[in-house]
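Single-structure report; data block below.
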Amino acid sequence: MLVAVGAVVAAAVFAFRGEDTPDTISLGGAEAPETSEPVEGSGADEDESASSDTGSSADEGTDQPADVGEPASPAPSADVPAPVEVVAGTRIDIPAASVVGDGPADLWDTTIVPWQDGFLMTGTIAQPQVLPELPPEIAERFPEEVVTFFEEAGGLPPTIQEAIDMLSAEPGLMELVNEVVLDDPEVSAAIYAEPVAPPSRYTLLSSDGVEWTEVDVAWPPVEGYSQTLVASDGRSLVHVAREDLFDPEQIEPGPPTDTSFTVSTTTDLETWTSAQFVVDSDGSGPRADGVPVQRWTDVSGVALSGDRWVVVYSTQEHVDTYALLPDEALELMNSEGSSMGEDETGITIYTHDFSDEPVDQPMEIGPDTGEVVLTYTWDELGLDGPPYSDGPLTSTVAVGVVGSAD
């Protein structure tokens with residue numbers, strides 16, 4: 001039985017049936033229900049569409065039915081899958097206590113794995129940023145209509161996103177707030193004074209895949225990690241986390257110099273044993289032809305079987321177009337309000353004035369919104385053409401033992 005979990009799903013049974021036999025259902029090898037149709041050996045041919053095609057006329061006195069021609073639909077063979085029943089499940093809500101306020105939280109890495117005699121569901125919750133109570137000397141810098149709006153609403157909401165949603169629903173209020181926040185650094189600092197809470201994991205258990213219960217599991221920490229994956233064979237569970245390590249003296253944006261993997265295993269969701277290994281990503285540097293490249297390493301997959309876990313990680317290189325730029329372009333790119341665009345001909349550097357952009361809207365950049373300052377063809381940058389093709393993908397397997405820190 002395949003169980004679908006989520007909002008209410010109508011129950012349905014998928015089966016094989018002939019075009020002219022609405023009362024006959026073949027169950028893919030299972031015993032068919034009793035019907036009024038002719039049975040094998042009866043010699044009856046009242047409903048030709050229900051007869052099986054034997055390929056030749058039946059001899060008199062045998063148990064085979066008479067050949068009445070091609071059936072509307074061939075009878076299913078023994079290897080036809082059994083029907084699949086889809087039953088209604090329960091609605092699953094991410095535990096509200098784990099999320100600040102009523103605003104949306106970002107969820108990722110949602111995974112369902114077998115666990116003991118049932119199933120385990122887990123995922124990562126990224127908390128929305130808290131909106132602190134503003135001191136009177138900060139609040140009074142906003143226009144009176146903005147202050148009145150929140151007073152009538154019962155005060156500030158718990159999160160910044162909820163405040164943005166409320167202001168955006170009232171014509172003109174978001175623009176007034178933007179002007180104050182963008183022009184007054186002290187106001188901006190007060191609004192974003194509360195740091196974003198570290199991500200956390202939720203965990204749900206089910207014995208049948210339909211009813212789910214929240215449980216408290218002390219997972220390995222996910223703060224600071226760029227990627228996490230979970231796998232289980234039902235008896236043991238493995239959690240792998242990838243962390244990008246950067247050179248402390250690295251100023252320009254780029255890939256990590258090393259990538260760390262922490263693999264944690266458990267057999268009871270209480271006691272964890274962790275092993276760590278570091279991959280030298282050789283993040284930036286020239287390839288054989290001297291073209292600068294960036295190398296990124298990601299977890300491709302994780303599996304668990306018996307007492308062994310396997311992690312596959314992959315490294316791929318990309319041409320570092322940023323490193324191709326001359327000093328004058330790098331200086332401009334490091335200034336506020338600049339951007340870089342690439343096309344078939346080369347690289348273009350733009351400058352932009354974002355002072356009038358709403359803070360809750362994505363900033364659109366490109367030829368229509370910026371002033372062209374510098375342009376370089378690919379030939380001027382030492383390339384034969386646009387470097388859109390990625391370099392070779394290298395995959396590596398790491399193997400460990402459940403319960404071992406080695």
Gly234 long-range amide H proximity, modeled H, under 5 Å
Gln116
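From largest accessible area down, sort Asp117, Asp379, Asp208; use a 1.4 Å probe on the protein chains. Don't skip to the answer; put the middle values down first.
On the way: Asp117 150, Asp379 125, Asp208 70 Å².
Largest to smallest exposure gives the sequence Asp117, Asp379, Asp208.
Sort Thr124, Thr111 by heavy-atom solvent-accessible area, probe 1.4 angstrom, most to least.
Values: Thr124 0, Thr111 35 Å².
Highest to lowest solvent-accessible surface, that is Thr111, Thr124.
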Rounded percent of accessible protein surface that carbon and sulfur make up, the range 102-252, 1.4 Å probe
52
Provide the per residue accessible area, probe 1.4 Å, for the range 151-220, rounded to a whole number of square angstrom.
55
Inter-probe distance in nm under a simple model that places probes 7 Å from Cα toward Cβ, at Asp307 and Ala126:
4.0
Distance histogram in 5 Å bins (all Cα pairs of the range 183-232, percent per bin)
4, 13, 16, 15, 13, 11, 10, 7, 6, 4, 2, 0
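The values are calculated or read from the model by the stated rules, or taken from the named source; none is laboratory data. It should be emphasised that the depicted structure is a prediction, and the values quoted were computed from it without experimental measurement. Note that we place each Cβ from the backbone using ideal geometry, even for glycine, and neighbour counts take in every protein chain shown. Just the protein is used for accessible areas: all its heavy atoms, side chains included, with ligands, DNA and RNA removed. Shrake-Rupley method; radii C 1.70, N 1.55, O 1.52, S 1.80 Å.
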